[in-house]
Ligand SMILES: NC(=O)c1ccc[n+]([C@@H]2O[C@H](COP(=O)([O-])OP(=O)(O)OC[C@H]3O[C@@H](n4cnc5c(N)ncnc54)[C@H](OP(=O)(O)O)[C@@H]3O)[C@@H](O)[C@H]2O)c1
């Protein structure tokens, strides 16, 4: 069963992030706190509608490409948690660039690295004391997303094993590096009982995936919620898709 007391989601104003907020609120035992973060809260109408109808949702401003702002967000979250820890951090926000070898630029590489790789790493670092606090509060429970976990939203195109078509330099490389963030965290934080997993949401009909994608965000998130519910020590440090299948690195 998946029943974290608190969850923070980045890029929660649309697409997969917004659907994650919706489905966490529908869990049998929903979180007491859903920190739904986005870079432009003033424009996040759907999120504000959800927050108005459910007191668990706090809409917070967070630009994952600006690590200097993370401390302020952590302080806001810490105040709202009133002494308890953060169970689940979902690094969902991401950007895509499909540049091939002739089009790729240093600026694009830096931009995707900042949002897709550096942001998730430094967010995990900033929130680590709160995640450790959540893990300690449930000493005795096995590793799980209910206890404490960091989920990085990756993409199968970041898999080296799966790469048969090349291209997409900034996106592939930034997600492959994100996978190393996951793997490293899974090694470094295991002794704290904190899980770290990369999840591939599938090819999803969002602004990023486009209308020809294979599944809806409802289907993707339903799958990922099931996968998160089943994560344990054995799955720590893996890349899994929304159906729970292991994707080789
Ligand atoms: N859709 C797919 O088929 C697919 C497949 C594999 C992996 N993924 C991954 O799944 C995640 C979600 O994708 P999606 O399909 O929901 O994409 P999406 O519809 O394009 O939404 C992306 C989200 O990320 C946010 N974001 C981008 N840059 C940000 C920043 N600097 N700070 C904070 N938020 C930022 C966006 O906010 P704004 O509204 O402010 O731009 C938006 O909320 C991404 O990591 C993506 O790489 C998606």
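Where does helix 217-229 land angle-wise versus the long Cα axis of the chain, in degrees 0 to 90, nearest 10?
Between helix and principal axis, roughly 60 degrees.
Would you mind pulling out the separation of the Cα centroids of the range 55-115 and the range 122-163, in Å?
14 Å
On C-alpha positions alone, give me the angle between the axis of helix 70-81 and the longest principal axis of the chain, in degrees, nearest 10.
Once rounded, the angle reads 30 degrees.
Using helices alone, what [θ] at 222 nm do you get for the chain, with -39,500 (n - 2.57) per DSSP H run of 4 or more residues, divided over all residues and rounded to the nearest 500?
-11500 deg cm²/dmol
Over the chain, with a Gaussian network built from C-alpha contacts below 10 Å, which listed residue (217, 148, 138) shows the highest mean-square fluctuation?
Greatest mean-square fluctuation among the candidates belongs to 138.
With just the Cα atoms defining each centre, how far is the range 1-44 from the range 192-249? Give it in Å.
So the separation of the two Cα centres works out to 16 Å.
Please give the length that would be gained between residue 66 and residue 156 if that part of the chain were fully extended, namely 0.36 nm times their separation in residues minus their C-alpha to C-alpha distance (nm, one decimal).
Value of the extension gain: 29.8 nm.
If R0 is 51 Å, what FRET efficiency do you get for residue 53 and residue 102 from their C-beta distance, rounded to 0.05?
0.55
Can you tell me, using C-alpha contacts under 8 Å and at least 6 residues apart, the relative contact order of the chain as a whole percent?
Relative contact order, the chain: 20 percent.
Rounded if a/c is under 1.5, else prolate if a/b beats b/c, else oblate: with a ≥ b ≥ c from the C-alpha gyration tensor eigenvalues square-rooted, which is the range 165-249?
The shape class here is oblate.
For a test of the definition: using alpha carbon positions, the gyration tensor, and the 1.5 limit on a/c, classify the range 35-96 as rounded, prolate or oblate.
Oblate, because a/c is 1.5 or more while a/b does not exceed b/c.
Using mean Cβ contacts within 10 Å as the protection proxy, how do 202-214, 167-179 order, highest first?
Ranking, from highest mean packing down: 167-179, 202-214.
Residue 3 versus residue 216, label points 7 Å from Cα toward the beta carbon: distance in nm?
That separation, rounded to one decimal, is 2.8 nm.
Label residue 233 and residue 46 with points 7 Å out from Cα along Cα→Cβ: what is the distance between them in nm?
3.9 nm
Helix 119-137 versus the longest principal axis of the chain: what angle, 0 to 90°, nearest 10, using Cα atoms?
30 degrees
Taken together, the values in this text are just the output of simple stated rules run on the coordinates, not laboratory data. Note that the structure is a prediction, hence the values are computed from the model and not measured. Neighbour counts run over all protein chains shown; Cβ positions are idealised from the backbone, glycine included.
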